[in-house]
Amino acid sequence: MYESILFSKTNGIAKITLNRPQVYHALSAVLMLEITAAIAEVASDDQIRVLIITGEGDKAFCSGADLKQTLEGGESADQMLKAYYEPMIRSIRELPKPVICRLNGLAVGAGCSLALACDIIVATEEAYLSLLFVQIGLMPDAGATYFLPRLIGMARTFELASTGRKIFAKEAEQIGLINKAVPAEELDSEVDKLANYYQTAPTLAIGAMKKVLNESSHSDLARMQELERINQQILFESHDAREGISAFLEKRKPDFQGK
Ligand SMILES: CC(C)(COP(=O)(O)OP(=O)(O)OC[C@H]1O[C@@H](n2cnc3c(N)ncnc32)[C@H](O)[C@@H]1OP(=O)(O)O)[C@@H](O)C(=O)NCCC(=O)NCCSC(=O)/C=C1/CC=CC=CO1
């Protein structure tokens, strides 16, 4: 059904694998439309409780815009960003389910933006991120200027964006750009551990928390308290909250259904 991604759904866990290895999974229009379409499938499938995004193989997660297609496609940057990049990035942020980035290799340009849009990033120690836009005379896009200052502050963002230097996973972990750097042989067990946790977690609560946190960087305390109140009221009536509270009182493990 898809030509540039592999898409699987198993035991409540969906996985999107970018699959254009000959160009390090560079972002073609088709690839971006397919990622966005697969995320819409994840959104509408109540059985799916967590999404993993990764690249095929061990070299690259994503090399950013497919430069050949970008140059030859005849579309302006404005058109491409609006039509392909921005909907893809927003679909990750707006998905009310956790998204894990399995950073299997380099993530550069808009590939870096794609990784940063995810909720949790687990990387191999060999993986690196780079805002190398500046090296081809461009500036960060696809949401990078939104994510970076919030994650690592303005001074670090300016340095990384104006030089495009590589940030390997260990440094990225230290400065708070990713969650965890692990040896390559531990990447799958680390990602599986997280995915299995989320697959049995109270998905409704996690989705509401994600939606509210998305607002926190541009809202004041009163607005955040209002959003907390509105969403907590909805969660308080939910199956999983009733189950979680009952399980605590009955001294047993909760059986969360994600609703
Ligand atoms: C740093 C690299 C990603 C990897 O370097 P290296 O390990 O030395 O590997 P290479 O030999 O260079 O690459 C392997 C093959 O993949 C092809 N390739 C790699 N990246 C791309 C790409 N982005 N587009 C097309 N093809 C790519 C590469 O040509 C090799 O193919 P052959 O074996 O046939 O030669 C390095 O490859 C690199 O710097 N890549 C370019 C990174 C880049 O500049 N990305 C785009 C940034 S801009 C952006 O992401 C977003 C936009 C959005 C909208 C509008 C306009 C522009 O950009």
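The values are calculated or read from the model by the stated rules, or taken from the named source; none is laboratory data. Because the structure is predicted, anything quoted here is derived from the model rather than measured. In this analysis, Cβ positions are derived from the backbone assuming ideal geometry, glycine residues included, and neighbour counts consider all displayed protein chains. Ligands, DNA and RNA are stripped out before the accessible areas are found, and what is left, the full protein with its side chains, is counted by its heavy atoms. Shrake-Rupley method; radii C 1.70, N 1.55, O 1.52, S 1.80 Å.
Annotations for the structure displayed:
Per-residue answers, yes or no, for (1) closer than 28 Å to Phe147 by Cα; (2) in the same structural domain as Thr10 (by TED's automatic domain parsing); (3) in contact (Cβ under 8 Å) with a residue 40 or more places away in the chain:
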| position | (1), (2), (3) |
| --- | --- |
| Gly207 | yes, no, yes |
| Leu213 | yes, no, no |
| Ser216 | yes, no, no |
| Asp220 | yes, no, no |
| Gln225 | yes, no, no |
| Ile230 | yes, no, no |
| Gln233 | no, no, no |
| Glu237 | no, no, no |
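- Residue count for region 134-154 under the criterion of being open to solvent by 70 Å² or more (accessible area, probe 1.4 Å), under 20 Å from Ser63 (Cα atoms) and part of a helix (DSSP H, G or I): the result is 4.
- Whichever residue in region 87-123 is away from the ligand (no atom under 13 Å from the Cβ) and of a type in the set (Gly, Ala, Ser) and, among such residues, is surrounded by the most Cβ atoms within 10 Å (Cβ to Cβ): Ala123
- The requirement of being out of contact with any Ser or Thr (no Cβ under 9 Å at 6 or more places or on another chain), within 9 Å of the ligand (Cβ to nearest atom) and not charged (D, E, K, R) is satisfied by Leu138.
- Flag for Glu126 being open to solvent by 10 Å² or more (accessible area, probe 1.4 Å), more than 10 Å from the ligand (Cβ to nearest atom) and assigned to a loop (DSSP other than H, G, I, E, B): yes
- Residue selected from region 156-207 under the condition open to solvent by 60 Å² or more (accessible area, probe 1.4 Å) and in a strand (DSSP E or B), by the criterion farthest from Cys118 (Cα to Cα): Phe168
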